[in-house]
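What follows is a set of notes on a single structure, which appears directly below.
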Amino acid sequence: MTTQPSKTPRLLTVARAVRLTPNMIRVTMIAPDLQDLAEGCEGANCKIMLPEPGQKRAHFAAQLDEGPRPVTRTYTVRHYRKAACEIDIDFVDHGEGGPGSAWAIRAAPSAFCGFAGPGPAKIAEFHADWYLFAADMSALPVAAATLEAMPRDARGLAIFEILSEADRYPIDAPEGIVQHWLVERDPTVGADLQERLIRAIDWPAGRVQTCIAGESGTIKALRHYLHREMGVDRGDTYISGYWKLGLIEDEHQTMKRREGVSV
């Protein structure tokens, strides 16, 4: 489902923040005007706009309205509770080096940020005989939200690459989706764990849909395999690079635009 973003980004207030796993923080945010989001927006991307450390709420609100645009990062709506005017956003803990991570680490009730979006759900219709999911920790929220929205009789495979065994957490996926959790403690090494496992699949008959996202190098290899080697219809594949080794988000988004990839 889609929701038209408001012209001025919404100003959200932190209701609570919890550490889901050693490397994942969930921040629950509230605002009265969240009530006008469309139900079913879980899994859609959104923009989180971050205040400067120590910035006052009134000054930040004026900046959202008048500019310049604050530091902005892309995240996924993990849960939306319309009656409570609440959303959950899950942040990977990269330490203080990334602005989104640094903000989430310090997030506490009464903290604030800007919010724009959400965009469309990544898979609006489920019509395949078999489904393939692959996600590193940056893409776990979109994979988990999509799995939880699927028909309960869906069949397929989900591959999750995490930083430690303790980063596993329950996902309400259909019983017919087999889950594999792969541990890669250093995501900067460019491991091909997901690609090797996907290439080893005894490929099923029938129509296949995918929800795949993560590091751009991995995504490029998987896109080539699915489209060129296996002939999966491009219209049935959501496959997106969420980050790239050595680039900050702004640089990565610019690279994707130059390559003609939707951001």
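Just checking, how many residues over the range 169-215 are in contact with a Phe, Trp or Tyr (Cβ under 8 Å, 6 or more places away or on another chain) and surrounded by fewer than 16 Cβ atoms within 10 Å (Cβ to Cβ)?
8
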Margin query: Just to be sure before I move on: is Thr76 more than 18 Å from the chain's Cα centre (by Cα) and touching a residue at least 24 places away in the same chain (Cβ under 8 Å) in the structure I sent?
Written below: no
Notebook entry, point to check: For Ala135, are the conditions met, namely being at pLDDT below 95, outside the structural domain of Cys41 (by TED's automatic domain parsing) and crowded, with 16+ Cβ neighbours inside 10 Å?
Noted result: no
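Mind listing whichever residues of the range 191-239 are of a type in the set (Val, Ile, Thr) and modelled with pLDDT under 90?
Answer for the range 191-239, where residues must be of a type in the set (Val, Ile, Thr) and modelled with pLDDT under 90: there is none.
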Of (1) at pLDDT 95 or above; (2) outside any helix (DSSP H, G or I); (3) not charged (D, E, K, R), Met1 fails just (1)
Return yes or no: is Arg26 farther than 28 Å from Gly241 by Cα and assigned to a strand (DSSP E or B)? no
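Look through Ala84, Ala108 and report the one residue that is outside any strand (DSSP E or B), among the aliphatic types (A, V, I, L, M), without any contact (Cβ under 8 Å) to a residue 60 or more places away in the chain and surrounded by fewer than 21 Cβ atoms within 10 Å (Cβ to Cβ).
Ala84
Sort out which residues of the range 41-62 are farther than 12 Å from Ala116 by Cα and either assigned to a helix (DSSP H, G or I) or out of contact with any helix residue (DSSP H, G or I) (no Cβ under 7 Å at 6 or more places or on another chain) (or both), and write them in order of number.
Residues satisfying the conditions are Cys41, Glu52, Pro53, Gly54, Gln55, Lys56, Arg57, Ala58, His59, Phe60, Ala61, Ala62.
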In the range 87-97, anything in contact (Cβ under 8 Å) with a residue 40 or more places away in the chain and either part of a loop (DSSP other than H, G, I, E, B) or of a type outside the set (Phe, Trp, Tyr) (or both) is listed as Ile87, Asp88, Ile89, Asp90, Val92, Asp93
When restricted to Ser138, Ser101, the only residue touching a His at 6+ places or on another chain (Cβ under 8 Å) and under 27 Å from Met49 (Cα atoms) is Ser101
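The values are calculated or read from the model by the stated rules, or taken from the named source; none is laboratory data. Nothing here was measured: the structure is a model prediction, and the numbers come from that model. Cβ coordinates were reconstructed from backbone atoms using ideal geometry, including for glycine residues, and neighbour counts include every protein chain displayed.
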